[in-house]
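Below is one structure, written out as C-alpha coordinates; comments come after it.
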Ligand SMILES: Nc1ncnc2c1ncn2[C@@H]1O[C@H](COP(=O)(O)OP(=O)(O)OP(=O)(O)O)[C@@H](O)[C@H]1O
(Lines give C-alpha, C1' and ligand atoms only; values in the text may rest on other atoms or scores of the structure.)
Protein backbone atom coordinates (compact mmCIF):
# COMPACT_ATOMS: atom_id res chain seq x y z
CA UNK A 1 0.00 0.00 0.00
CA UNK A 2 1.30 3.49 -0.83
CA UNK A 3 2.32 5.49 2.22
CA UNK A 4 1.15 8.83 0.97
CA UNK A 5 -1.79 9.38 -1.28
CA UNK A 6 -1.25 12.40 -3.46
CA UNK A 7 -4.17 14.61 -4.41
CA UNK A 8 -4.33 17.82 -6.39
CA UNK A 9 -7.10 20.26 -5.59
CA UNK A 10 -7.83 23.04 -8.06
CA UNK A 11 -9.34 26.09 -6.46
CA UNK A 12 -12.02 28.02 -8.37
CA UNK A 13 -11.04 31.09 -10.36
CA UNK A 14 -11.67 34.23 -8.39
CA UNK A 15 -14.38 36.53 -9.62
CA UNK A 16 -12.76 39.13 -11.83
CA UNK A 17 -10.36 36.69 -13.51
CA UNK A 18 -11.15 36.20 -17.18
CA UNK A 19 -11.83 32.64 -18.36
CA UNK A 20 -9.26 33.09 -21.14
CA UNK A 21 -6.50 33.43 -18.59
CA UNK A 22 -6.84 30.14 -16.84
CA UNK A 23 -4.32 27.34 -17.05
CA UNK A 24 -5.39 24.58 -19.46
CA UNK A 25 -5.20 21.17 -17.88
CA UNK A 26 -6.31 17.61 -18.38
CA UNK A 27 -5.94 14.25 -16.70
CA UNK A 28 -5.64 10.63 -17.72
CA UNK A 29 -5.86 7.35 -15.75
CA UNK A 30 -3.49 4.41 -16.03
CA UNK A 31 -4.54 0.80 -15.28
CA UNK A 32 -3.95 1.30 -11.54
CA UNK A 33 -6.25 4.30 -11.61
CA UNK A 34 -3.33 6.61 -10.98
CA UNK A 35 -3.67 9.95 -12.68
CA UNK A 36 -1.39 11.87 -14.96
CA UNK A 37 -1.88 15.63 -15.07
CA UNK A 38 -1.09 17.62 -18.21
CA UNK A 39 -0.68 21.36 -18.10
CA UNK A 40 -0.89 23.49 -21.23
CA UNK A 41 1.44 26.33 -22.15
CA UNK A 42 1.30 29.36 -19.91
CA UNK A 43 -1.24 31.90 -21.16
CA UNK A 44 1.33 34.59 -20.27
CA UNK A 45 3.87 32.85 -22.41
CA UNK A 46 6.42 35.65 -22.53
CA UNK A 47 7.16 35.54 -18.85
CA UNK A 48 7.91 31.82 -18.82
CA UNK A 49 10.91 30.05 -20.24
CA UNK A 50 10.26 27.68 -23.15
CA UNK A 51 10.90 24.53 -21.12
CA UNK A 52 7.94 25.54 -18.94
CA UNK A 53 5.57 25.87 -21.90
CA UNK A 54 3.73 22.65 -21.13
CA UNK A 55 4.21 19.80 -18.72
CA UNK A 56 3.01 16.28 -18.02
CA UNK A 57 3.30 14.50 -14.71
CA UNK A 58 3.83 10.78 -14.37
CA UNK A 59 0.90 8.58 -13.35
CA UNK A 60 1.55 9.75 -9.85
CA UNK A 61 -1.64 11.33 -8.54
CA UNK A 62 -4.31 9.41 -6.65
CA UNK A 63 -6.96 11.89 -7.62
CA UNK A 64 -7.81 15.39 -8.74
CA UNK A 65 -10.40 17.53 -7.05
CA UNK A 66 -12.10 19.94 -9.40
CA UNK A 67 -12.88 23.59 -8.58
CA UNK A 68 -16.60 22.93 -8.29
CA UNK A 69 -16.11 20.19 -5.68
CA UNK A 70 -16.83 21.50 -2.24
CA UNK A 71 -15.22 20.57 1.05
CA UNK A 72 -17.79 17.87 1.90
CA UNK A 73 -16.98 16.02 -1.33
CA UNK A 74 -13.27 16.28 -0.56
CA UNK A 75 -13.94 14.92 2.91
CA UNK A 76 -15.91 11.95 1.58
CA UNK A 77 -13.19 11.05 -0.90
CA UNK A 78 -10.08 11.61 1.20
CA UNK A 79 -10.82 11.44 4.90
CA UNK A 80 -13.98 9.40 5.45
CA UNK A 81 -12.33 6.17 4.17
CA UNK A 82 -9.60 6.34 6.84
CA UNK A 83 -11.88 7.04 9.82
CA UNK A 84 -12.18 3.26 10.49
CA UNK A 85 -8.35 3.19 10.77
CA UNK A 86 -8.43 5.95 13.38
CA UNK A 87 -11.12 4.02 15.23
CA UNK A 88 -8.73 1.06 15.24
CA UNK A 89 -6.24 3.21 17.17
CA UNK A 90 -4.07 4.17 14.20
CA UNK A 91 -2.63 7.51 13.25
CA UNK A 92 -3.38 9.23 9.92
CA UNK A 93 -1.84 12.46 8.71
CA UNK A 94 -3.08 15.00 6.18
CA UNK A 95 -0.89 17.73 4.78
CA UNK A 96 -1.89 20.67 2.63
CA UNK A 97 0.91 22.04 0.49
CA UNK A 98 0.57 24.90 -1.97
CA UNK A 99 1.16 28.55 -2.63
CA UNK A 100 -0.39 31.44 -0.79
CA UNK A 101 -4.10 31.72 -1.57
CA UNK A 102 -4.30 28.30 -3.25
CA UNK A 103 -6.75 26.94 -0.67
CA UNK A 104 -4.77 25.12 2.04
CA UNK A 105 -6.60 26.67 4.97
CA UNK A 106 -9.92 26.49 3.11
CA UNK A 107 -9.36 22.75 2.73
CA UNK A 108 -7.89 21.78 6.09
CA UNK A 109 -9.59 24.14 8.52
CA UNK A 110 -12.29 25.86 6.48
CA UNK A 111 -13.63 29.35 6.89
CA UNK A 112 -17.27 28.36 7.47
CA UNK A 113 -17.96 26.81 10.86
CA UNK A 114 -21.73 26.76 10.44
CA UNK A 115 -22.37 25.18 7.06
CA UNK A 116 -21.46 21.47 7.17
CA UNK A 117 -20.90 21.38 3.39
CA UNK A 118 -18.00 23.75 3.79
CA UNK A 119 -16.48 22.42 7.01
CA UNK A 120 -12.73 22.05 6.68
CA UNK A 121 -11.46 18.47 6.75
CA UNK A 122 -10.50 18.60 10.43
CA UNK A 123 -13.93 19.72 11.58
CA UNK A 124 -15.72 17.22 9.37
CA UNK A 125 -13.47 14.45 10.74
CA UNK A 126 -14.19 15.53 14.31
CA UNK A 127 -17.93 15.43 13.61
CA UNK A 128 -17.77 11.88 12.26
CA UNK A 129 -15.44 10.66 15.01
CA UNK A 130 -17.66 12.06 17.74
CA UNK A 131 -20.73 10.35 16.24
CA UNK A 132 -18.83 7.03 16.35
CA UNK A 133 -17.51 7.63 19.88
CA UNK A 134 -21.01 8.52 21.12
CA UNK A 135 -22.16 5.12 19.90
CA UNK A 136 -19.36 3.40 21.82
CA UNK A 137 -20.14 5.47 24.93
CA UNK A 138 -23.80 4.49 24.71
CA UNK A 139 -23.00 0.80 24.32
CA UNK A 140 -20.44 0.62 27.13
CA UNK A 141 -20.87 3.10 29.96
CA UNK A 142 -17.69 1.92 31.74
CA UNK A 143 -15.74 4.29 29.51
CA UNK A 144 -16.24 7.81 28.32
CA UNK A 145 -14.53 8.46 25.02
CA UNK A 146 -13.91 11.89 23.60
CA UNK A 147 -11.35 13.78 21.55
CA UNK A 148 -8.19 15.42 22.90
CA UNK A 149 -7.61 18.49 20.75
CA UNK A 150 -4.30 20.28 20.29
CA UNK A 151 -3.95 23.26 17.97
CA UNK A 152 -0.65 25.03 17.50
CA UNK A 153 1.39 26.97 15.02
CA UNK A 154 5.01 26.19 14.36
CA UNK A 155 7.54 28.89 13.69
CA UNK A 156 11.28 28.30 13.98
CA UNK A 157 11.91 26.32 17.17
CA UNK A 158 8.72 27.47 18.81
CA UNK A 159 5.18 26.21 18.87
CA UNK A 160 2.48 28.78 19.63
CA UNK A 161 -0.30 27.18 21.56
CA UNK A 162 -3.54 28.42 20.01
CA UNK A 163 -5.64 26.78 22.73
CA UNK A 164 -3.73 28.67 25.40
CA UNK A 165 -3.58 32.32 24.31
CA UNK A 166 -0.85 31.71 21.78
CA UNK A 167 1.50 30.84 24.61
CA UNK A 168 5.00 30.19 23.27
CA UNK A 169 6.22 26.64 23.76
CA UNK A 170 9.58 25.16 22.84
CA UNK A 171 10.34 22.15 20.73
CA UNK A 172 12.97 20.01 22.44
CA UNK A 173 14.30 16.52 22.10
CA UNK A 174 14.36 14.75 25.47
CA UNK A 175 17.06 12.38 26.72
CA UNK A 176 14.70 9.54 25.66
CA UNK A 177 14.97 11.01 22.09
CA UNK A 178 11.27 11.85 22.10
CA UNK A 179 10.26 15.35 21.05
CA UNK A 180 8.42 17.42 23.62
CA UNK A 181 6.57 20.69 23.18
CA UNK A 182 6.58 22.56 26.47
CA UNK A 183 6.01 26.10 27.66
CA UNK A 184 8.08 27.96 30.23
CA UNK A 185 7.95 26.39 33.67
CA UNK A 186 5.54 28.58 35.67
CA UNK A 187 5.05 29.24 39.38
CA UNK A 188 1.47 28.88 40.59
CA UNK A 189 -0.13 31.16 43.23
CA UNK A 190 0.53 28.62 45.98
CA UNK A 191 4.22 28.66 45.04
CA UNK A 192 4.07 25.28 43.28
CA UNK A 193 6.08 24.86 40.12
CA UNK A 194 4.15 23.88 37.00
CA UNK A 195 5.60 22.30 33.88
CA UNK A 196 3.39 23.46 31.04
CA UNK A 197 2.93 21.01 28.21
CA UNK A 198 1.05 22.18 25.18
CA UNK A 199 -2.66 22.42 26.01
CA UNK A 200 -4.90 19.47 25.20
CA UNK A 201 -8.58 20.30 25.40
CA UNK A 202 -10.65 17.25 26.20
CA UNK A 203 -13.80 17.57 24.10
CA UNK A 204 -16.80 15.39 24.85
CA UNK A 205 -19.17 16.82 22.25
CA UNK A 206 -18.85 18.15 18.72
CA UNK A 207 -20.17 21.57 19.75
CA UNK A 208 -17.46 21.83 22.41
CA UNK A 209 -14.73 20.88 19.95
CA UNK A 210 -16.08 23.28 17.34
CA UNK A 211 -16.02 26.15 19.87
CA UNK A 212 -12.53 25.31 21.10
CA UNK A 213 -11.19 25.16 17.56
CA UNK A 214 -12.90 28.37 16.52
CA UNK A 215 -11.64 30.24 19.60
CA UNK A 216 -8.13 28.87 19.12
CA UNK A 217 -7.98 29.88 15.49
CA UNK A 218 -8.63 33.49 16.45
CA UNK A 219 -5.06 33.48 17.72
CA UNK A 220 -3.66 32.35 14.39
CA UNK A 221 -1.09 34.72 12.98
CA UNK A 222 -2.06 35.89 9.51
CA UNK A 223 -0.59 38.63 7.36
CA UNK A 224 -1.54 40.28 4.10
CA UNK A 225 0.19 38.69 1.14
CA UNK A 226 0.21 39.65 -2.52
CA UNK A 227 -2.60 37.15 -2.99
CA UNK A 228 -4.99 37.66 -0.09
CA UNK A 229 -5.20 39.28 3.30
CA UNK A 230 -5.44 36.21 5.52
CA UNK A 231 -2.21 34.62 4.54
CA UNK A 232 -0.63 32.28 7.10
CA UNK A 233 3.10 32.52 7.65
CA UNK A 234 3.36 29.55 9.97
CA UNK A 235 2.48 25.88 9.80
CA UNK A 236 -0.75 25.15 11.66
CA UNK A 237 -1.07 21.71 13.24
CA UNK A 238 -4.38 20.31 14.46
CA UNK A 239 -4.13 17.03 16.32
CA UNK A 240 -7.11 15.00 17.46
CA UNK A 241 -6.62 11.95 19.60
CA UNK A 242 -9.22 9.55 20.96
CA UNK A 243 -9.06 9.73 24.75
CA UNK A 244 -11.02 8.67 27.82
CA UNK A 245 -11.59 10.50 31.09
CA UNK A 246 -9.24 8.05 32.79
CA UNK A 247 -6.49 8.73 30.28
CA UNK A 248 -6.89 12.47 30.88
CA UNK A 249 -6.53 11.99 34.66
CA UNK A 250 -3.49 9.78 34.28
CA UNK A 251 -1.81 12.34 32.01
CA UNK A 252 -2.64 15.16 34.40
CA UNK A 253 -0.97 13.16 37.12
CA UNK A 254 2.21 12.83 35.02
CA UNK A 255 2.32 16.62 34.59
CA UNK A 256 1.72 17.09 38.31
CA UNK A 257 4.58 14.78 39.22
CA UNK A 258 6.91 16.24 36.62
CA UNK A 259 6.17 19.63 38.17
CA UNK A 260 7.07 18.29 41.61
CA UNK A 261 10.31 16.90 40.23
CA UNK A 262 11.49 20.24 38.79
CA UNK A 263 12.45 21.99 42.09
CA UNK A 264 13.84 18.77 43.58
CA UNK A 265 15.98 18.15 40.48
CA UNK A 266 17.16 21.75 40.47
CA UNK A 267 18.08 21.53 44.17
CA UNK A 268 20.17 18.41 43.54
CA UNK A 269 22.04 20.17 40.72
CA UNK A 270 22.56 23.31 42.82
CA UNK A 271 23.92 21.31 45.75
CA UNK A 272 26.33 19.45 43.50
CA UNK A 273 27.64 22.63 41.88
CA UNK A 274 27.91 24.44 45.22
CA UNK A 275 29.90 21.61 46.79
CA UNK A 276 32.20 21.30 43.78
CA UNK A 277 32.87 25.05 43.76
CA UNK A 278 33.65 25.10 47.48
CA UNK A 279 36.00 22.20 47.03
CA UNK A 280 38.21 24.07 44.52
CA UNK A 281 40.24 27.23 44.83
CA UNK A 282 42.21 29.27 42.35
CA UNK A 283 45.90 29.89 42.95
CA UNK A 284 47.66 33.22 42.23
CA UNK A 285 48.91 31.87 38.89
CA UNK A 286 45.30 31.04 37.81
CA UNK A 287 45.42 27.27 38.37
CA UNK A 288 42.47 25.43 39.98
CA UNK A 289 43.44 23.12 42.83
CA UNK A 290 41.52 21.24 45.57
CA UNK A 291 40.67 23.49 48.52
CA UNK A 292 42.79 22.24 51.46
CA UNK A 293 40.33 23.89 53.93
CA UNK A 294 37.18 22.23 52.60
CA UNK A 295 36.05 18.65 52.16
CA UNK A 296 33.26 18.17 49.64
CA UNK A 297 30.15 17.16 51.53
CA UNK A 298 29.34 14.01 49.60
CA UNK A 299 26.58 13.12 52.06
CA UNK A 300 24.74 16.32 51.22
CA UNK A 301 25.10 15.62 47.48
CA UNK A 302 23.93 12.02 47.94
CA UNK A 303 20.91 13.05 50.04
CA UNK A 304 19.80 15.50 47.33
CA UNK A 305 20.28 12.80 44.67
CA UNK A 306 18.24 10.28 46.69
CA UNK A 307 15.39 12.78 46.94
CA UNK A 308 15.62 13.43 43.20
CA UNK A 309 15.55 9.69 42.45
CA UNK A 310 12.46 9.35 44.65
CA UNK A 311 10.64 12.04 42.65
CA UNK A 312 11.86 10.57 39.37
CA UNK A 313 10.35 7.24 40.33
CA UNK A 314 7.04 9.00 41.12
CA UNK A 315 7.04 10.33 37.55
CA UNK A 316 7.85 6.88 36.26
CA UNK A 317 5.01 5.39 38.31
CA UNK A 318 2.57 7.91 36.80
CA UNK A 319 3.85 7.09 33.32
CA UNK A 320 3.35 3.38 33.98
CA UNK A 321 -0.17 4.08 35.21
CA UNK A 322 -0.92 5.93 31.98
CA UNK A 323 0.47 3.03 29.94
CA UNK A 324 -1.75 0.62 31.93
CA UNK A 325 -4.85 2.73 31.39
CA UNK A 326 -4.04 2.75 27.72
CA UNK A 327 -3.39 -0.97 27.44
CA UNK A 328 -6.39 -2.06 29.53
CA UNK A 329 -8.76 0.17 27.52
CA UNK A 330 -7.27 -0.96 24.21
CA UNK A 331 -8.08 -4.58 25.12
CA UNK A 332 -11.76 -3.68 25.09
CA UNK A 333 -11.91 -0.73 22.68
CA UNK A 334 -9.04 -0.47 20.23
CA UNK A 335 -10.01 3.10 19.30
CA UNK A 336 -8.09 4.60 22.24
CA UNK A 337 -5.10 6.63 21.07
CA UNK A 338 -6.39 6.75 17.47
CA UNK A 339 -5.13 10.00 16.02
CA UNK A 340 -5.74 12.18 13.05
CA UNK A 341 -3.43 15.07 12.33
CA UNK A 342 -3.99 17.94 9.89
CA UNK A 343 -1.10 20.15 8.88
CA UNK A 344 -1.77 23.38 7.03
CA UNK A 345 1.73 24.22 5.80
CA UNK A 346 2.92 27.79 5.27
CA UNK A 347 2.78 29.07 1.66
CA UNK A 348 5.17 27.23 -0.64
CA UNK A 349 6.11 30.40 -2.56
CA UNK A 350 9.00 30.79 -0.13
CA UNK A 351 10.41 27.47 -1.21
CA UNK A 352 10.21 28.25 -4.89
CA UNK A 353 11.47 31.83 -4.49
CA UNK A 354 8.22 32.96 -6.10
CA UNK A 355 7.43 35.67 -3.59
CA UNK A 356 6.02 38.43 -5.76
CA UNK A 357 7.78 41.77 -6.15
CA UNK A 358 4.81 43.52 -4.53
CA UNK A 359 5.45 41.65 -1.30
CA UNK A 360 7.95 43.80 0.56
CA UNK A 361 9.57 41.86 3.36
CA UNK A 362 11.20 43.14 6.50
CA UNK A 363 14.48 41.49 7.59
CA UNK A 364 12.49 39.52 10.17
CA UNK A 365 10.04 38.33 7.51
CA UNK A 366 12.97 37.34 5.30
CA UNK A 367 14.37 35.28 8.15
CA UNK A 368 10.96 33.69 8.68
CA UNK A 369 10.89 32.93 4.97
CA UNK A 370 14.22 31.14 5.22
CA UNK A 371 12.90 29.03 8.10
CA UNK A 372 9.76 28.19 6.11
CA UNK A 373 12.04 27.08 3.27
CA UNK A 374 13.97 24.82 5.60
CA UNK A 375 10.76 23.33 7.00
CA UNK A 376 9.14 22.74 3.63
CA UNK A 377 12.27 21.19 2.18
CA UNK A 378 12.64 18.99 5.24
CA UNK A 379 9.01 17.81 5.12
CA UNK A 380 9.40 17.18 1.40
CA UNK A 381 12.42 14.98 2.05
CA UNK A 382 10.77 13.12 4.93
CA UNK A 383 7.66 12.37 2.86
CA UNK A 384 9.77 11.22 -0.05
CA UNK A 385 12.00 9.07 2.13
CA UNK A 386 8.90 7.51 3.73
CA UNK A 387 7.37 6.90 0.31
CA UNK A 388 10.55 5.15 -0.80
CA UNK A 389 10.63 3.17 2.48
CA UNK A 390 14.17 4.37 3.17
CA UNK A 391 15.79 3.12 6.34
CA UNK A 392 16.99 6.59 7.32
CA UNK A 393 14.31 9.27 7.46
CA UNK A 394 15.76 12.79 7.96
CA UNK A 395 13.41 13.84 10.76
CA UNK A 396 15.94 16.01 12.51
CA UNK A 397 16.39 18.43 9.61
CA UNK A 398 13.83 20.92 10.93
CA UNK A 399 11.63 21.61 13.96
CA UNK A 400 8.56 20.84 11.81
CA UNK A 401 9.72 17.32 10.96
CA UNK A 402 10.94 16.76 14.52
CA UNK A 403 7.47 17.53 15.82
CA UNK A 404 5.76 15.44 13.17
CA UNK A 405 8.08 12.48 13.67
CA UNK A 406 5.85 10.70 16.21
CA UNK A 407 2.90 11.00 13.83
CA UNK A 408 4.87 9.81 10.84
CA UNK A 409 6.20 6.85 12.80
CA UNK A 410 2.80 5.99 14.26
CA UNK A 411 1.24 6.08 10.81
CA UNK A 412 3.41 3.30 9.41
CA UNK A 413 0.50 0.96 8.88
CA UNK A 414 -2.10 3.56 8.03
CA UNK A 415 -2.79 5.86 5.16
CA UNK A 416 -1.66 9.47 5.01
CA UNK A 417 -2.36 12.03 2.31
CA UNK A 418 -0.82 15.10 0.90
CA UNK A 419 -3.17 17.54 -0.76
CA UNK A 420 -1.60 19.90 -3.25
CA UNK A 421 -3.70 22.98 -3.56
CA UNK A 422 -3.29 24.77 -6.88
CA UNK A 423 -4.73 27.78 -8.59
CA UNK A 424 -5.85 27.72 -12.22
CA UNK A 425 -5.14 31.44 -12.57
CA UNK A 426 -2.59 32.24 -15.25
CA UNK A 427 -0.55 34.62 -13.12
CA UNK A 428 0.11 31.75 -10.70
CA UNK A 429 1.31 29.44 -13.46
CA UNK A 430 4.84 29.03 -12.13
CA UNK A 431 3.62 28.52 -8.57
CA UNK A 432 1.08 25.92 -9.67
CA UNK A 433 3.66 24.11 -11.74
CA UNK A 434 6.06 24.06 -8.81
CA UNK A 435 3.43 22.54 -6.51
CA UNK A 436 2.38 19.90 -9.03
CA UNK A 437 5.99 18.93 -9.69
CA UNK A 438 6.43 18.36 -5.99
CA UNK A 439 3.32 16.15 -5.92
CA UNK A 440 4.65 14.26 -8.92
CA UNK A 441 7.88 13.57 -7.07
CA UNK A 442 6.08 12.15 -4.04
CA UNK A 443 3.64 10.20 -6.21
CA UNK A 444 6.43 8.65 -8.26
CA UNK A 445 8.26 7.65 -5.08
CA UNK A 446 5.02 5.90 -3.99
CA UNK A 447 4.73 4.17 -7.33
CA UNK A 448 8.21 2.82 -6.85
CA UNK A 449 6.88 0.95 -3.81
CA UNK A 450 3.62 -0.31 -5.24
N1 LIG B 1 -11.63 25.20 -3.33
C2 LIG B 1 -12.05 26.43 -2.97
N3 LIG B 1 -13.35 26.77 -3.08
C4 LIG B 1 -13.79 27.99 -2.73
N5 LIG B 1 -12.97 28.98 -2.22
C6 LIG B 1 -11.70 28.69 -2.10
C7 LIG B 1 -11.14 27.41 -2.45
N8 LIG B 1 -9.83 27.43 -2.22
C9 LIG B 1 -9.56 28.66 -1.70
N10 LIG B 1 -10.66 29.42 -1.64
C11 LIG B 1 -10.75 30.79 -1.12
O12 LIG B 1 -9.56 31.49 -1.50
C13 LIG B 1 -9.07 32.28 -0.43
C14 LIG B 1 -7.64 31.88 -0.07
O15 LIG B 1 -7.66 30.52 0.35
P16 LIG B 1 -6.80 30.01 1.63
O17 LIG B 1 -6.79 31.02 2.71
O18 LIG B 1 -7.31 28.67 1.95
O19 LIG B 1 -5.36 29.93 0.98
P20 LIG B 1 -4.02 29.36 1.63
O21 LIG B 1 -3.42 28.44 0.63
O22 LIG B 1 -4.27 28.85 2.99
O23 LIG B 1 -3.13 30.68 1.69
P24 LIG B 1 -1.91 31.08 2.69
O25 LIG B 1 -0.76 30.15 2.45
O26 LIG B 1 -1.58 32.46 2.25
O27 LIG B 1 -2.46 31.01 4.06
C28 LIG B 1 -10.04 32.11 0.74
O29 LIG B 1 -10.97 33.16 0.72
C30 LIG B 1 -10.73 30.79 0.41
O31 LIG B 1 -12.03 30.71 0.95
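The values are calculated or read from the model by the stated rules, or taken from the named source; none is laboratory data. Here the structure is a predicted model, which means the values were calculated and not measured. Methodologically, a virtual Cβ is constructed for each residue, glycine included, from the backbone with ideal geometry; neighbour enumeration extends over all protein chains shown.
The strands (runs of 3 or more DSSP E) falling completely within the range 278-355 that include 3 or more residues that are in contact (Cβ under 8 Å) with a residue 40 or more places away in the chain map to 339-344. Of all the listed residues (168, 153), the sole one being part of a strand (DSSP E or B) and within 16 Å of the ligand (Cβ to nearest atom) is 153. In the set 52, 69, 17, 21, only one residue is modelled with pLDDT under 90 and within 16 Å of the ligand (Cβ to nearest atom); that residue is 17. Contact map, the range 230-257: residues that are within 16 Å of the ligand (Cβ to nearest atom) paired with residues that are at pLDDT below 90 and part of a helix (DSSP H, G or I), Cβ distance under 7 Å, separation 6+ or inter-chain. Pairs shown: 233/368; 235/375; 235/400. Within the range 268-291, the only residue that satisfies the criterion of being surrounded by fewer than 14 Cβ atoms within 10 Å (Cβ to Cβ) and closer than 15 Å to residue 312 by Cβ is 269.
Among the listed residues 278, 220, 251, which satisfies the condition of being under 33 Å from the mean Cα position of the chain (by Cα) and modelled with pLDDT of 90 or more? Break it down into steps so the answer makes sense when it comes.
Details: 278 fails: under 33 Å from the mean Cα position of the chain (by Cα); 220 fails: modelled with pLDDT of 90 or more.
Checking each option against the conditions leaves just 251.
Among the conditions (1) modelled with pLDDT of 80 or more; (2) in the same structural domain as residue 438 (by TED's automatic domain parsing), the only one that residue 330 does not satisfy is (2).
Among the conditions (1) more than 16 Å from the ligand (Cβ to nearest atom); (2) at pLDDT 90 or above; (3) closer than 29 Å to residue 373 by Cα, the only one that residue 39 does not satisfy is (2). The set of residues in the range 100-116 that are more than 7 Å from the ligand (Cβ to nearest atom) and touching a helix residue (DSSP H, G or I) at 6+ places or on another chain (Cβ under 8 Å) comprises 108, 109, 110, 112, 113, 116. Against the numbered list (1) more than 16 Å from the ligand (Cβ to nearest atom); (2) modelled with pLDDT under 95; (3) in a helix (DSSP H, G or I), residue 130 comes up short only at (2).
Go through the range 114-127 and give me each residue that's farther than 24 Å from residue 333 by Cα and in a helix (DSSP H, G or I). Scanning the range 114-127 gives 116, 117, 118, 121. Among helices (runs of 4 or more DSSP H) entirely within the range 358-450, having at least 2 residues that are at negative phi, at pLDDT below 75 and exposed (fewer than 15 other Cβ atoms within 10 Å of the Cβ) singles out 363-387, 429-449.
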